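Engineer: To start, I am sharing the structure in question, which I have written as structure tokens.
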Amino acid sequence: MSSLIALFAGIVFGLGLIVSQMTNPSKIIGFLTVGKHWDPSLVFVMISAIFVSYFAFAYAKRRRASFFNLDFEIPKRTEIDKQLIIGSALFGIGWGIVGYCPAPAITALFFGNPQTLLFVGAMLIGMYLFRVINK
């Protein structure tokens with residue numbers, strides 16, 4: 001049952017990424033390029049996500065279990081450390097250069113763009129190297 005719920009949630013999330021054009025690197029880069037050619041349309045996506053997440057997390061914190069009695073965990077760490085700052089900076093730099101972050105890139109694999117495959121491959125190698133280096 002939990003696998004079906006995860007599949008459904010993933011499909012809905014992926015469709016949301018496609019509809020909002022988060023799977024289009026030129027759209028992301030247009031949003032991140034502040035100036036004459038700035039594309040502000042993703043501001044509405046971000047505001048919507050923040051709005052929904054705020055109320056969803058507030059509601060989830062008051063519950064003892066999920067609707068389907070599945071495990072869920074709300075992060076409790078609040079400290080800002082060197083590892084968080086460096087990771088955030090690398091994420092932001094990569095996002096700004098390429099126009100992808102992990103979930104939209106994985107969703108965009110279904111469009112068959114070779115550059116997306118290259119990005120996801122490099123991302124997976126980077127994740128593996130992080131685990132190896134952090135041991």
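No lab work stands behind these numbers, since they all come straight from the coordinates. A quick note: this is a predicted structure, and the numbers were derived from the prediction, not measured. Here the Cβ positions follow ideal geometry from the backbone for every residue, glycine too, while neighbour counts run over all protein chains shown.
Engineer: In a GNM of the chain with a 10 Å cut-off on Cα contacts, which of 19, 120, 98 has the highest mean-square fluctuation?
Structural biologist: 19
Engineer: If you stretched the chain out fully between residue 51 and residue 9, how much longer would it get, using 0.36 nm times the residue separation minus the C-alpha to C-alpha distance?
Structural biologist: Gain on extension, residue 51 to residue 9, equals 13.3 nm.
Engineer: Also: As an exercise, use a Förster radius of 22 Å and the Cβ-Cβ distance of residue 73 and residue 124 to find the FRET efficiency, rounded to the nearest 0.05.
Structural biologist: The pair residue 73/residue 124 has a calculated efficiency of 0.40.
Engineer: What share of Cα pairs, in percent, lie more than 25 angstrom apart in the stretch 2-134? Can you show the working numbers first?
Structural biologist: On the way: 3628 of 8778 pairs.
Taking all Cα-Cα pairs of the stretch 2-134, the fraction more than 25 Å apart is 41 percent.
Engineer: Let me ask another. Within 10 Å of each residue's Cβ, count the other Cβ atoms and sort 71, 39 from fewest upward. It would help to have the intermediate numbers written out before the result.
Structural biologist: Details: 71 7, 39 15.
Ordered from fewest to most neighbouring Cβ atoms within 10 Å, 71, 39 come out as 71, 39.
Engineer: Do you know the relative contact order of the stretch 2-134, to the nearest whole percent, from alpha carbon pairs under 8 angstrom that are 6+ apart?
Structural biologist: 31 percent
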